[in-house]
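**Q** First the structure, which I've put down as structure tokens, then a few questions once you've had a look.
The values are calculated or read from the model by the stated rules, or taken from the named source; none is laboratory data. Source: prediction; values computed, not measured. Quick reminder, even Gly has a Cβ in these numbers, built from the backbone with ideal geometry, and neighbours come from all protein chains shown.
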Amino acid sequence: MVEMKAYAVLEGFENTGSIIFARHAVTARRMGADRYADGDFSLVSCCRAKWADQYAETGIVPASDMVWNGWNFECHYCGARICADYRAFKSWTPDYVIGYGEGAVFCHKGCQTAHEHEAAFDERLKVRTVAHYAQRLANRFPGITPKPIGSGFHGSHVYIDGGRIKQVIIEFDWPGQKIGPAAFRWDRNVSGTHGVTCCFGDKEAFEAFAAASKEPAHA
Ligand SMILES: [Zn+2]
């Protein structure tokens, strides 16, 4: 049986690539072409990366070892270009790099910690924001059931950038819905996009429901 070998596969234009494990160079290059060059074999280079053979079993290559071997990354938190002669601080070496060839890479532990704090802050802000808008919608449309934060295109959604809310979408089920839930949407810096929409076939029923539920009295 032929052993799996490590190959450094690179796409030249955007300078992206990774270590790919395969039995033969041609296979690694084919995989790299599919992944980084829409299948165009001629756009990727492929050469042996013997130093990474030790990771063949899991296929997971530590970013620190890649930096030692000439690879570059962008720190997922501070954006610094991480290469072998980068210095986050005086005693820095590529051993400080956190992460793997695929996924978020940090130039050192401090950046990873800061990123985690920021992510936790965003998560709490999302939950609070959904609760706030869900309550307002429930006041306006009694009887609806707002949906929790979902994944992909389903459920409610809050988009945060740099600690600021950029977009809020609250999906909710409503009495009388036949096709699907309705949604409230708000976008920062985009006028005229905030409001409630429903599925096309539900329009009449939703308008009747909305008209029947009274606006709450303003104090
Ligand atoms: Zn960093």
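**Q** Are any residues in the stretch 1-51 among the hydrophobic types (A, V, I, L, M, F, W, C), crowded, with 19+ Cβ neighbours inside 10 Å and in a helix (DSSP H, G or I), and if so, which ones?
**A** Across the stretch 1-51, the qualifying residues are A28, A33.
**Q** Tell me whether the stretch 57-67 contains one or more residues that are within 14 Å of the ligand (Cβ to nearest atom), surrounded by fewer than 16 Cβ atoms within 10 Å (Cβ to Cβ) and closer than 29 Å to G162 by Cα. Walk me through it before giving the result.
**A** Of the stretch 57-67, the ones within 14 Å of the ligand (Cβ to nearest atom) are 63-64, 67.
Subsequent filtering for residues that are surrounded by fewer than 16 Cβ atoms within 10 Å (Cβ to Cβ) retains none.
Within the stretch 57-67, none of the residues are within 14 Å of the ligand (Cβ to nearest atom), surrounded by fewer than 16 Cβ atoms within 10 Å (Cβ to Cβ) and closer than 29 Å to G162 by Cα.
**Q** If we scan the stretch 50-61, do we find a residue that is on the phi > 0 side of the Ramachandran plot, in the same structural domain as A104 (by TED's automatic domain parsing) and under 27 Å from the mean Cα position of the chain (by Cα)?
**A** First, pick out the residues of the stretch 50-61 that are on the phi > 0 side of the Ramachandran plot: 59.
Among the residues that remain, those that are also in the same structural domain as A104 (by TED's automatic domain parsing) are: 59.
With under 27 Å from the mean Cα position of the chain (by Cα) added as a condition, the list becomes 59.
Taking every residue of the stretch 50-61 in turn, at least one turns out to be on the phi > 0 side of the Ramachandran plot, in the same structural domain as A104 (by TED's automatic domain parsing) and under 27 Å from the mean Cα position of the chain (by Cα).
**Q** Restricted to the stretch 102-117, and to residues that are hydrophobic (A, V, I, L, M, F, W, C) and either more than 7 Å from the ligand (Cβ to nearest atom) or at pLDDT below 95 (or both), which residue is nearest to C83 (Cα to Cα)? I'd like the intermediate steps shown before the answer.
**A** Quick first cut of the stretch 102-117, residues hydrophobic (A, V, I, L, M, F, W, C) only: 104-107, 111, 114.
From the residues that got through so far, the ones that are either more than 7 Å from the ligand (Cβ to nearest atom) or at pLDDT below 95 (or both) too are 104-105, 114.
Numbers: A104: 15, V105: 12, A114: 21 Å.
Per the criteria, the residue is V105.
**Q** Now for a different question. Examine the stretch 118-141 for a residue that is in contact (Cβ under 8 Å) with a residue 12 or more places away in the chain and within 16 Å of the ligand (Cβ to nearest atom), and state whether such a residue exists.
**A** Checked against the condition, which is being in contact (Cβ under 8 Å) with a residue 12 or more places away in the chain and within 16 Å of the ligand (Cβ to nearest atom), the stretch 118-141 yields at least one hit.
**Q** State whether one or more residues within the stretch 84-105 are in contact with a helix residue (DSSP H, G or I) (Cβ under 9 Å, 6 or more places away or on another chain) and under 30 Å from F209 (Cβ atoms). Walk me through how you get there before you give the answer.
**A** Initial filter on the stretch 84-105 (in contact with a helix residue (DSSP H, G or I) (Cβ under 9 Å, 6 or more places away or on another chain)): 84, 86, 88-89, 93-101, 103-105.
Among the residues that remain, those that are also under 30 Å from F209 (Cβ atoms) are: none.
Looking through the stretch 84-105, none of the residues is in contact with a helix residue (DSSP H, G or I) (Cβ under 9 Å, 6 or more places away or on another chain) and under 30 Å from F209 (Cβ atoms).
**Q** So which residues in the stretch 75-92 are more than 8 Å from the ligand (Cβ to nearest atom) and crowded, with 16+ Cβ neighbours inside 10 Å, if there are any at all? It would help to see each step written out before you state the result.
**A** The initial filter retains those residues of the stretch 75-92 that are more than 8 Å from the ligand (Cβ to nearest atom), namely 81, 83-87, 89-92.
Residue satisfying the conditions is Y86 alone.
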